[in-house]
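We did not get these values from a lab; they are worked out from the coordinates using the rules stated. All figures in this text were calculated on a predicted structure; none of them were measured in a lab. Neighbour counts are summed over all protein chains in view; Cβ atoms, including those assigned to glycine, are modelled from backbone coordinates with ideal geometry.
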Amino acid sequence: MIDIQNITKKFGKLAVLQDINLSFQKGQCIALIGPNGCGKTTLIKAILGMVLPDSGSITVNGKSILGEYLYRNNIGYMPQIGRYPDNMTIGQIIEMIKKVRNSTADLDEELIRAFELDKMFDKQMRTLSGGTTQKVSAVLAFLFNPEVLILDEPTAGLDPLASEILKEKIIREKEKGKLILITSHLLSELDDLITEIIFMQEGKVHFHQKIEDLKASTQEDKISKAIAKILKNNRHEPHY
Amino acid sequence: MNRIIKIILLDILKNKIVLAYTLILAALSWSSFALEDNSAKGLLTILNVILFTVPLVSILFSTIYLYNSSEFIELLLSQPIKRRKIWTSLFLGLSLSMVLAFGIGAGIPLLVNAPDSVGLMMIAIGCLISVIFVALAFLSSILTRDKAKGIGIAIMTWLFFALLFDGIVLFLLFQLADYPIENAMVGITALSPIDLARIQILMHLDVSAMMGYTGAIFKDFFGTSIGLIVSFLLLCLWVIVPFFISLKKFNQKDL
């Protein structure tokens, strides 16, 4: 569904993405993990067309996204740090996005009720806590029933109750056969969610494996332990 | 496109600064007509107001508004909307609100007190100057990510066109007084939208006689209908060029 070929991106002299090749299919739930500053968010923003890669191509459903915008109809994006106009209320933001999208598709307002945002509709965005802002971001990502969900650190900043609600929602959407892309540092949270894992380091894809393969090859049943084992083994390899 | 322009326009009109700007323009315009006994003198007073405050408010307000809507731009970019559309909508929204403020603040007193060709000309030029400086604001805010730097560039741009440019022209005029530079002067005025606007209106106020030989040359060029069309086209270029440069940069910007 999404194909990424030979993407490179430099910010000044810093090479953030170096020759990335990835391919995501429907029904997959992919975790994008890696240390801070390894290029996860840049990769996501490149898929969304917010960052323009220096070279390489990204295709969604077989079409290049360069200069395109309609493909974003099928994508719900939850940013790591949601930034919204200060003087608008939650209700106004949601209304505005509905107007901008002008979508006739069924709206998925389940999360608004689950997060009890409808009671805070007239609160201004600047008065919201970080967690509540995250909830608004999550609502906007799921609102239009998109085929692809891109979630950048979805549970960071959410309280345990809210993050459980969000996790259950993600699992339900995954069962509907949607493509879900998650970045996260909380490996323990990913256990019952994901089907594949991508580990990035210094702008390169370190490995891209199915969860079963990963668990089988490391003989661990927890993702966090499996990753730790791989990283430990790598350390013994000589560096060239 | 209309939906986004509407959202932006409503957001700007809610802003109290625009309201205050309209009221100040109205107060200045009404009082300058009330103070002078003939409308030509009133027009000259308003001319100076237009050429000084309108550019300043247009460029500063637009630059600050653009920096403050970076979140809004980011939010829209993750939605299925063309980049070009977002930037153009912002430009149209800001231009429209600045023109509206000028139209209500200065346009109404002008129409009431000087309902002739000069009055209409003044309104047209005021609107154009507003849009030109909104376009320059777009250029200055796309040049740097740093808000303080961007506002600094905006203020310098205004300072250059409102004060420095005249100083430079005057300096050249005195230094090169022995040479026949009158025709070159006409060309140089095209380099500043404010001077272009000022000369255009002065030509219609019949005070160009006070400008000596250079004034006569100006009259020869700007006084004719071709000169009028050319100077309006030049003013339009001052809108189009900065805006398109900024649009091009915005299309390639990483957010």
Legend entry - Amide H contacts under 5 Å for A:Met200, placed H, 5+ residues apart: A:Ile33, A:Gly34, A:His206
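For chain A, what does the helix formula give at 222 nm: sum of -39500 (n - 2.57) over DSSP H segments with n ≥ 4, over the residue count, nearest 500 deg cm²/dmol?
Mean residue ellipticity at 222 nm (helix-derived): -10000 deg cm²/dmol.
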Inset, instruction - Distance check, please: which entries in A:Lys45/A:Lys167; A:Lys204/A:Lys225; A:Lys40/B:Lys248; A:Lys40/A:Lys222; B:Lys14/B:Lys147; A:Lys40/A:Lys135 exceed 24 angstrom between their Cα atoms? - result: A:Lys40/B:Lys248
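Rounded to the nearest 0.05, what FRET efficiency do A:Asp19 and A:Asp86 give with R0 = 45 Å and r taken as the Cβ-Cβ distance? Could you check? The partial results should precede the final answer.
Values: r = 40 Å, r/R0 = 0.88.
Calculated value: 0.70.
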Legend entry - Euclidean distance of C-alpha centroids, region B:186-203 and region A:1-76, integer Å: 49
Inset, instruction - Give me the aspartates and glutamates in straight-line cross-link reach of A:Lys9: C-alpha distance below 13 Å, same-chain residues under 8 apart excluded. - result: A:Asp19, A:Asp54, A:Glu202, B:Asp254
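Which order, highest average first, do A:73-80, A:157-164 follow once you tally other Cβ atoms within 10 Å for each residue and take the mean per peptide? Mind showing how you got there, number by number?
Values: A:73-80: 21.1, A:157-164: 15.2.
Answer by packing, highest mean first, reads A:73-80, A:157-164.
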Legend entry - Loop-resident sites, region A:165-240, for GluC sites (Glu not before Pro), counting at most 15 other Cβ within 10 Å (DSSP): A:Glu202
Legend entry - Pairwise FRET efficiency - A:Phe207 versus A:Arg172, Cβ, R0 = 25 Å, nearest 0.05: 0.30
Legend entry - Under 25 Å from the Cα of B:Lys41 - lysines, other chains or at least 8 residues apart: B:Lys219
Inset, instruction - Enumerate the helices in chain A for which the Kyte-Doolittle hydropathy averages -0.5 or more and the C-alpha atoms extend at least 15 Å along the helix's axis, using complete DSSP H runs. - result: A:90-101, A:130-142, A:223-236
Legend entry - Inter-probe distance in nm under a simple model that places probes 7 Å from Cα toward Cβ, at A:Lys63 and A:Glu220: 4.2
Legend entry - Selection of trypsin sites (Lys or Arg not before Pro), region A:129-216, meeting DSSP coil and at most 15 other Cβ within 10 Å: A:Lys176
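For a quick check of your reading of the filter: which trypsin sites (Lys or Arg not before Pro) in region B:115-159 sit in a DSSP loop and have no more than 13 other Cβ atoms within 10 Å?
Answer by residue number: B:Arg145.
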Legend entry - P(r) histogram, all alpha-carbon pairs of the protein assembly as shown included - 10 Å bins from 0, percent: 4, 16, 23, 19, 14, 11, 8, 4, 1, 0
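Any idea what the relative contact order of chain B is, in percent, if you count C-alpha pairs under 8 Å spaced at least 6 apart? Numbers along the way, then the final one.
On the way: 252 pairs, mean separation 63.5, N = 255.
Once normalised by length, the contact order is 25 percent.
Please compute the volume of the convex hull spanned by the alpha-carbon atoms of region A:11-158 and report it per residue in Å³. Please list the in-between numbers first.
On the way: hull volume 21.0 nm³, N = 148.
Hull volume normalised by residue count: 142 Å³.
From Cα pairs below 8 angstrom and at least 6 apart in sequence, can you work out the relative contact order of region A:100-240, rounded to a whole percent?
Numbers: 114 pairs, mean separation 23.5, N = 141.
Reported relative contact order: 17 percent.
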Inset, instruction - Mind computing the radius of gyration and Dmax over the alpha-carbon atoms of region B:2-251? Å is fine for both. - result: 19.0, 62
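Let me have the 222 nm mean residue ellipticity of chain B computed from DSSP H runs of 4+ only, each contributing -39500 (n - 2.57), with the sum over all residues rounded to the nearest 500. Mind showing how you got there, number by number?
Working: 13 runs with 207 residues, N = 255.
Taking each H run of at least 4 residues, the total per residue is -27000 deg cm²/dmol.
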Inset, instruction - State, to one decimal in nm, how far the label point of A:Asn73 lies from the label point of A:Phe11, with both points 7 Å from Cα in the Cβ direction. - result: 3.3
Inset, instruction - Quick one, could you list the DSSP H helices from chain B stretching 30 Å or more along their long axis (Cα atoms) with average Kyte-Doolittle hydropathy of -0.5 or above? - result: B:39-68, B:117-143, B:225-251
